[in-house]
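Down below is the structure, laid out as structure tokens.
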Amino acid sequence: MTDPRQRLPAVNTLIDEAERGGLLNRLPRQAVVDAARAVLAEARQEGGAPPASGWLEAVALRAENWNRSSLTGVVNATGVVLHTNMGRAPLAREAYEAAEQALGYSTLELDLETGERGSRQDHLRSLLREVTGADDGLVVTNAAAALFLLLNTLSADSETIVSRGELVEIGGSFRIPEILAKSGSLLVEVGTTNRTRLKDYTLALSPRTRALLKVHRSNFEVVGFTEETSLAELADLARSRGLPVIHDIGSGLLVDLSTHGLSGEPLVRDSVSSGAATVFSGDKLVGGPQAGIIVGPTEIVEKARTNPLARALRPDKFTVAALEATLSLYRYPDLALTEIPALSMLTMGAEELERRAQILASILPNATTQPGESAVGGGAFPGAHLATTLVSINTDSPQDMLNALRRFDPPVIARVADGCLLFDVRTVRDEQFQIIENAVSAATER
């Protein structure tokens, strides 16, 4: 009997078929060659049997998978606005356009007035002063880097005092004590987990104290028998001893959202007005790209700016461009609430949510609407309850459909609860309704 492995087609034969089928018009020739060789090697290991889908289809699938970017856009139908796994805040249209302008040569570090070298920070400093009320501002790669830079600048080889109740763990398992240790600063813990008084800070002061650190507990709440030293009290103590206060507020709220039922997050302006050096993220409640922002007294920010680490932690041109465009929207708070997607989603009214849910339900099979809750995400407003209207599909295998939606192109990310597949329209753009319909249709046909 003839060995079936001898019936394997040659690589050139598969390439010729791929060319006739138009595959080489879509993918690089070398990618198709490599895919053909891999498919043949796999078939050889299986005894020479051809793929069930056929040689050309198997080669095409392998080549397309190799050339597909693992970082791709998704439809977020979970209702989690600042979803860390999906890149947190989606950018405003203005930020997209600004980042596109930065793709080629740009004025990143070019002063058009003098023709000399400029600073990338100059694109952001005046805006940061304007929208936060601070004397100065500096941008680095992320909020953890901003805190690290400040601690290293102000308190390396010295002591930083922090309440035990604020030694939090932030995203990615990064912990405040570990950031302090890496910065070269020595941690001095005061108070207890649930109660820290001003007297605790006062008693901990020593000749080696160089900074007081206050950290907003952005991703959890402490309730019950609690006591916390206010930022104002801490700032007064620091001023009396000639010390700086670092205030890590996490998400970076630039506009008051209390009229929309969202309270508990410190406003950047309030932190700045206390005299603190304030640290916050650019990609959470600010609604911009990933960035760490430092605003506060000129003396402190300038020290951080001249720290050699500032260059190692500086933002790239896309971050600068997108953040500049985002901050510009805050010159007009009403405009920020409508044009910055994260803020628009968070403040979307009940009637609008109901209307949009009804539209989506009308184009999906066996769909109904029901009340539910969205989440802010990103460690912001941890106790907030955002009422929403969910679109529910009752199916025998919601988890299987959820998995199929995740494999659609583009992927649709929904959630399952109480045996139903759920879509939250709060985080879905109108033009994405058709994508969801197509994804559900494809999942149903499987």
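Restricting everything to alpha-carbon atoms, can you work out Rg to Rh for region 331-446 with a Kirkwood hydrodynamic radius?
On the Cα set of region 331-446, Rg over Rh gives 0.99.
Express the Stokes-Einstein translational diffusion coefficient of the chain in µm² s⁻¹, to the nearest whole number, given a Kirkwood radius over alpha-carbon pairs, 20 °C and a viscosity of 1.002 mPa s.
85 µm²/s
If DNA, RNA and ligands are ignored and the probe is 1.4 Å, what is the ranking of His385, His123 by accessible area, most exposed first?
His385, His123
So for region 202-331, Kirkwood radius off the Cα pairs, Stokes-Einstein at 20 °C and 1.002 mPa s: how many µm² s⁻¹?
Reported coefficient: 131 µm²/s.
Based only on Cα atoms, what mean projected area does the convex hull of region 1-146 have, in nm²?
Quarter of the Cα hull surface area: 16.2 nm².
Mind checking which lysines have their Cα closer than 16 Å to the Cα of Lys199? Skip sequence neighbours fewer than 8 apart in that chain.
Lys214
Note down the nm distance, to one decimal, between modelled labels 7 Å out along Cα→Cβ at Arg208 and at Ile359.
It is 6.2 nm.
Efficiency by 1/(1 + (r/R0)^6): what FRET value for Gln370 and Lys199, r their Cβ-Cβ distance, R0 = 60 Å, to the nearest 0.05? Present the calculation step by step, with values, prior to reporting the outcome.
Details: r = 51 Å, r/R0 = 0.86.
The calculated FRET efficiency here is 0.70.
Straight distance only, please: which aspartates and glutamates reach the Cα of Lys182 with their own Cα at less than 12 Å, same-chain residues fewer than 8 apart left out?
Once the sequence-local aspartates and glutamates are set aside, what remains near Lys182 is Asp157.
Just to be sure I understand: of the beta bridges DSSP finds with both ends in region 103-258, what percent are antiparallel, rounded to 5?
If we restrict to bridges inside region 103-258, about 20 percent are antiparallel.
Could you tell me the calculated FRET efficiency between Arg37 and Lys182, based on Cβ-Cβ distance and R0 = 45 angstrom, to the nearest 0.05? List each step's numbers first, then the result.
On the way: r = 46 Å, r/R0 = 1.03.
My answer for the efficiency is 0.45.
Tell me the GluC sites (Glu not before Pro) within region 187-249 that lie in a loop according to DSSP and have at most 16 other beta-carbon atoms within 10 Å. Don't skip to the end; give the middle numbers.
On the way: sites: Glu189, Glu221, Glu227, Glu228, Glu233; in loops: Glu221, Glu228.
Hits after loop and neighbour filter: Glu221.
Modelling each spin label as a point 7 Å along the Cα-to-Cβ direction, I'd like the Gln399/Ser69 distance in nm, to one decimal.
A separation of 3.3 nm, rounded to one decimal place.
Just the number, please: Stokes-Einstein D of region 118-231 in µm²/s, Kirkwood Rh from C-alpha pairs, 10 °C, 1.306 mPa s. List each step's numbers first, then the result.
On the way: Rh = 15.6 Å.
The Stokes-Einstein estimate is 102 µm²/s.
So, in nm, how far is label Thr107 from label Asn438 when the simple model puts each one 7 Å beyond its Cα toward the Cβ?
So the two model labels end up 4.0 nm from each other.
Find which of Val188, Ala414, Ile294 sits farthest along the positive direction of the dipole of the chain, computed with +1 on the beta-carbon of Lys and Arg, -1 on that of Asp and Glu, about the Cα centre.
Val188
Taking all protein chains together and a probe of 1.4 Å, list Val80, Val59 from the most accessible to the least accessible. Walk me through the intermediate numbers first.
Values: Val80 35, Val59 5 Å².
The ordering from most to least exposed comes out as Val80, Val59.
Can you give me the accessible area per residue for region 208-324, using a 1.4 Å probe, in Å²? Walk me through the numbers on the way to the answer.
Details: 4810 Å² over 117 residues.
On a per-residue basis, region 208-324 sits at 41 Å².
The values are calculated or read from the model by the stated rules, or taken from the named source; none is laboratory data. Keep in mind that this is a model prediction, so the values were computed, not measured. In this analysis, Cβ positions are derived from the backbone assuming ideal geometry, glycine residues included, and neighbour counts consider all displayed protein chains. Side chains are part of the model used for accessible areas, which takes the heavy atoms of the whole protein and leaves out ligands, DNA and RNA. Shrake-Rupley method; radii C 1.70, N 1.55, O 1.52, S 1.80 Å.
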